[in-house]
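Participant: Before we start, here is the structure in question, set down as C-alpha cells.
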Amino acid sequence: MPTPSEPVDEFDATSSTAADPVLPAGYSMRLLDWADLPAVHALENRLFPLDAWPLSFFEEELAQAVPEPDGGTRDYRVITGPVPGSASGTTATGTAVTGTAVTGTAVIDADRDAGAGEAADVVLGYCGLMCVPPLADVQTIAVAPEAEGHGLGTAMLLWMVAEAARRRATDLLLEVRADNPRAQRLYERHGFEHIHTRAGYYPGDASAQGAGGGRVDALIMRRRLVG
C-alpha cells in the first residue's frame, strides 16, 4: 500500500502528457535537460560501476526525446530536491533501484553532492522510457541512495506506467537483475510480473567470480496496460 508521500497509480488519458506524480514537499520531477547530463552521468557511475551507461549513450537517448508528434520515442525525467538529512561532514549509504543496470551500494559525501545542504536543488533520481506502440520499455530508473525511502522511485515508475499508457502502449517491459530483490518487490507491487529470464545478461562482481561469482541473470518483467 502506498505511503502518503507516494503517488496514486492513475493517469489522465485525455492529457497531452501524463500527469506528474505527487512528490514530497520540496521535490519536483521535470524533463531531463542537456544541462543535467553531467549530474546524471556522475550519479550513474556512482551507482552502477560495473556497467554504467557512457555519457554518449545518454546523449543519444536524449537526442531521441523530441516531442511525440515529431516522432520522438523517448522521454527522460529527473527528480530534483534537497538531499534528505544532509549535514556537514556526514555520509549516506544505500542501495539503488534500477530497471536496466547493476544495482550498487554507494557511499557519498553529502557536502560534496548537496553543496548548500538541505536548501540545495540536486538531481536525486532519473528515469527513461522508450515507447514504440504497442510496446514500451523502462530504459532506466535510479534513485540516489541518500534519497531512498521518500517515494521517488515509485513516483518515477508510476509516471512511466502512465506515460506509456497515454502513448497507447499495451505492455510496459523492464529488465532487472536477478540478485536485486528490492527492485523486484517494487515492480511486483505495481503490477509487473516475471515473464522471461535472460541467462548471464549482467556482469557480476569480478572480485567474487573466483568464489562462485560470475554473470547475473536478467529477469524480464511486464505490466499489462490494457485489459
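The values are calculated or read from the model by the stated rules, or taken from the named source; none is laboratory data. For clarity, every value in this text was computed on a predicted model and none was experimentally measured. FYI the Cβ positions are ideal-geometry reconstructions off the backbone, even for glycines, and counts take in every protein chain you see.
Participant: Can you name the residue in region 64-81 that is within 25 Å of A147 (Cβ to Cβ) and small (G, A, S) and is also surrounded by the fewest Cβ atoms within 10 Å (Cβ to Cβ) among such residues?
Facilitator: My answer is A65.
Participant: To continue, here is another question. If you go through region 52-63, how many residues are without any contact (Cβ under 8 Å) to a residue 24 or more places away in the chain and surrounded by 14 or more Cβ atoms within 10 Å (Cβ to Cβ)?
Facilitator: So the count comes out to 3.
Participant: Continuing with the same structure: Residues that are at pLDDT below 95 and over 22 Å from R189 (Cβ atoms): list the strands (runs of 3 or more DSSP E) wholly contained in region 66-155 that include at least 2 such residues.
Facilitator: 91-95, 105-109
Participant: Would you check which residues across region 52-64 are under 21 Å from V143 (Cα atoms) and at pLDDT below 95 and list them?
Facilitator: The one that is under 21 Å from V143 (Cα atoms) and at pLDDT below 95: A52.
Participant: Mind checking which residues of region 141-160 are crowded, with 24+ Cβ neighbours inside 10 Å and among the β-branched types (V, I, T)?
Facilitator: Within region 141-160, I141, V143 qualify.
Participant: For residues in region 1-51 being at pLDDT below 95 and touching an Asp or Glu at 6+ places or on another chain (Cβ under 6 Å), which is surrounded by the most Cβ atoms within 10 Å (Cβ to Cβ)?
Facilitator: Filtering region 1-51 for residues that are at pLDDT below 95 and touching an Asp or Glu at 6+ places or on another chain (Cβ under 6 Å), the one surrounded by the most Cβ atoms within 10 Å (Cβ to Cβ) comes out as A18.
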